[in-house]
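Colleague: My structure is below; once you've seen it, I'll send some questions.
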Amino acid sequence: MSIDEKVRKPLAELGVAGPGGVQALFAEVRAAMEHERSALVSRGAASEADRDRLCKDLRDRWLARKNGLLSFIDENWLKTASKELKPSVGRSFNSIRQESAAFEVSALLKEVPVRAHEPAASDVLTKASVPAGISNITREVPGDLTLPGNRRPIGSLHPVTQMQREIEDIFLNLGFRIESGPEIESTYYNFDALNIPESHPSRDDWDTLYIDSKTVLRTHTSPVQIRAMEKYGAPLYIIIPGKCYRHDNPDASHSPMFHQMEGLAIASDITFADLKVTLDFFAKKLFGEKIRTRFQPSFFPFTEPSGEVSISCIFCGGEGCRVCKESGWIEVMGCGIVHPQVLRNGGIDPEKFTGWAFGLGIDRFAMMKYDINDIQLFLQSDVRFLEQF
Ligand SMILES: [Zn+2]
């Protein structure tokens, strides 16, 4: 129902029974008045005579003593209001009447601009493109439509994303597929199922961000190993890229959020030799054919035996430099043969299947590849840094 129809009906017929309804109704009136006034002000008039006529029409529509919209409100809403509603209708009506001073012709004339017609070339276009009937609306048309538009610079993939895709491509070509899992993880998948006992220091809340006693922000991508074993069984060849979280203070080499890539291969006749040759192939694909790899014994609760993988220094070729601390080697990954208990936890029979796994830091690989000395640069969204990649 339009406001013109509403002011012609008594409140009872409009279903207004309380002061709240009265206020809502007057808010509608106020909005309609303001809408009509600002429409006229922004539209403007074509000439002074036109302006006089438009202002008088609007004034009369609302304020005319006879048949003005406010006179209907007086007649149909105020005079017929019940005893209970009369005070609130009276108050609202009074304030509307005060505000309606802006509808007096003298006030409107000051507000409404006269938009003189400029006989410019663009005007011809304006007239031609505006349908008849709304020709009093003026439109701005740019002078030269053949000028080029504003081009926004195109962004690029974040260096960590680029590194991630590069590593993914190598393993996708080897027949691995990409798996993902939740970043908010249960302590079961993050620790217990991976053979990390209650007493292990990594379960300490100095290292791990706990949400509650049974839920953590995952500290590594390894929980997805168990989830994937449960989901697909064996054989299984997957890589797991993703965000991980640890209770670390940010500095040049630490960030509370970082990216890991995990790899897992499970099959019936898999050995440490397969692991070595795969990671050696991977390192050569990523950093070049001259790269050599070195495996040293290490310890992780979820692999047995476990190893650390180093590659010959990509900066000095093994001669010794600042980056490799004169050793000629850079440690880049952890790896090992999947612990039989971990296979069992994933629902796979360790008598029938064996597997290997590795884990690396994508951020660290990107830092190495692009020679970046501060991990914080990845997280600062500084375009001057990012646009170099
Ligand atoms: Zn070096």
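Colleague: Take Phe385 and decide whether it is among the aromatic types (Phe, Trp, Tyr) and crowded, with 19+ Cβ neighbours inside 10 Å. Write out each step before concluding.
Modeller: Working: among the aromatic types (Phe, Trp, Tyr): yes; crowded, with 19+ Cβ neighbours inside 10 Å: no.
So Phe385 fails the test.
Colleague: Still on this structure, please answer the following. Kindly indicate whether Arg364 is without any contact (Cβ under 8 Å) to a residue 12 or more places away in the chain, among the charged types (D, E, K, R) and away from the ligand (no atom under 11 Å from the Cβ).
Modeller: Details: without any contact (Cβ under 8 Å) to a residue 12 or more places away in the chain: no; among the charged types (D, E, K, R): yes; away from the ligand (no atom under 11 Å from the Cβ): yes.
No.
Colleague: I've got another one for you. Would the stretch 206-216 turn up any residue that is within 31 Å of the chain's Cα centre (by Cα), farther than 15 Å from Ile184 by Cα and more than 16 Å from the ligand (Cβ to nearest atom)?
Modeller: Taking the stretch 206-216 as the starting set, the residues that turn out to be within 31 Å of the chain's Cα centre (by Cα) are 206-216.
Cutting the leftovers down to farther than 15 Å from Ile184 by Cα gives us 206-207.
Then keep just the ones that are more than 16 Å from the ligand (Cβ to nearest atom); that gives 206-207.
Yes: the stretch 206-216 contains one or more residues that are within 31 Å of the chain's Cα centre (by Cα), farther than 15 Å from Ile184 by Cα and more than 16 Å from the ligand (Cβ to nearest atom).
Colleague: Taking the conditions exactly as written (more than 16 Å from the ligand (Cβ to nearest atom), surrounded by fewer than 17 Cβ atoms within 10 Å (Cβ to Cβ) and over 37 Å from the mean Cα position of the chain (by Cα)), does Lys290 satisfy them or not?
Modeller: Values: more than 16 Å from the ligand (Cβ to nearest atom): no; surrounded by fewer than 17 Cβ atoms within 10 Å (Cβ to Cβ): yes; over 37 Å from the mean Cα position of the chain (by Cα): yes.
For Lys290, the condition - more than 16 Å from the ligand (Cβ to nearest atom), surrounded by fewer than 17 Cβ atoms within 10 Å (Cβ to Cβ) and over 37 Å from the mean Cα position of the chain (by Cα) - is not met.
Colleague: Which of the residues spanning the stretch 309-343 are part of a helix (DSSP H, G or I) and either of a type in the set (A, V, I, L, M) or within 8 Å of the ligand (Cβ to nearest atom) (or both)? Show your work before the answer.
Modeller: Taking the stretch 309-343 and keeping what is part of a helix (DSSP H, G or I), we get 340-343.
Of everything in the stretch 309-343, those that are part of a helix (DSSP H, G or I) and either of a type in the set (A, V, I, L, M) or within 8 Å of the ligand (Cβ to nearest atom) (or both) turn out to be Val342, Leu343.
Colleague: Moving on to the next point. With the requirement that a residue be exposed (fewer than 13 other Cβ atoms within 10 Å of the Cβ) and among the aromatic types (Phe, Trp, Tyr), what does the stretch 185-206 give you?
Modeller: Trp206
Colleague: Let me ask something additional. Residues in the stretch 41-64: is at least one over 52 Å from the mean Cα position of the chain (by Cα), outside any helix (DSSP H, G or I) and not hydroxyl-bearing (Ser, Thr, Tyr)?
Modeller: Taking every residue of the stretch 41-64 in turn, at least one turns out to be over 52 Å from the mean Cα position of the chain (by Cα), outside any helix (DSSP H, G or I) and not hydroxyl-bearing (Ser, Thr, Tyr).
Colleague: Quick check: anything in the stretch 150-157 surrounded by 10 or more Cβ atoms within 10 Å (Cβ to Cβ), at pLDDT 80 or above, of a type outside the set (A, V, I, L, M, F, W, C) and under 30 Å from Gln341 (Cβ atoms)? Steps first, answer last, please.
Modeller: Restricting attention to the stretch 150-157, the residues satisfying the condition of being surrounded by 10 or more Cβ atoms within 10 Å (Cβ to Cβ) are 156-157.
If we keep only those that are at pLDDT 80 or above as well, we get 156-157.
Okay, now just the ones that are also of a type outside the set (A, V, I, L, M, F, W, C), so 156.
Restricting the remaining residues to those that are under 30 Å from Gln341 (Cβ atoms) gives none.
No, the stretch 150-157 has no match at all.
Colleague: A follow-up question, please. Of the residues Thr303, Thr278, only one is away from the ligand (no atom under 16 Å from the Cβ), among the hydroxyl-bearing types (Ser, Thr, Tyr), touching a residue at least 60 places away in the same chain (Cβ under 8 Å) and in contact with a strand residue (DSSP E or B) (Cβ under 8 Å, 6 or more places away or on another chain); which? Steps first, please.
Modeller: Numbers: Thr303 fails: touching a residue at least 60 places away in the same chain (Cβ under 8 Å).
Exactly one of Thr303, Thr278 is away from the ligand (no atom under 16 Å from the Cβ), among the hydroxyl-bearing types (Ser, Thr, Tyr), touching a residue at least 60 places away in the same chain (Cβ under 8 Å) and in contact with a strand residue (DSSP E or B) (Cβ under 8 Å, 6 or more places away or on another chain), namely Thr278.
Colleague: Which ones in the stretch 189-215 are in a helix (DSSP H, G or I) and either closer than 22 Å to Arg227 by Cα or in contact with a Gly (Cβ under 7 Å, 6 or more places away or on another chain) (or both)?
Modeller: Here is the first cut: in the stretch 189-215, the residues in a helix (DSSP H, G or I) are 189-190, 192-194, 201-203.
Tyr189, Asn190, Asp192, Ala193, Leu194, Ser202, Arg203 - these are the residues of the stretch 189-215 that are in a helix (DSSP H, G or I) and either closer than 22 Å to Arg227 by Cα or in contact with a Gly (Cβ under 7 Å, 6 or more places away or on another chain) (or both).
The values are calculated or read from the model by the stated rules, or taken from the named source; none is laboratory data. Remember, predicted model here, so these are calculated numbers, not experimental data. Glycine also receives a Cβ, built like all others from the backbone with ideal geometry; neighbour counts cover every protein chain displayed.
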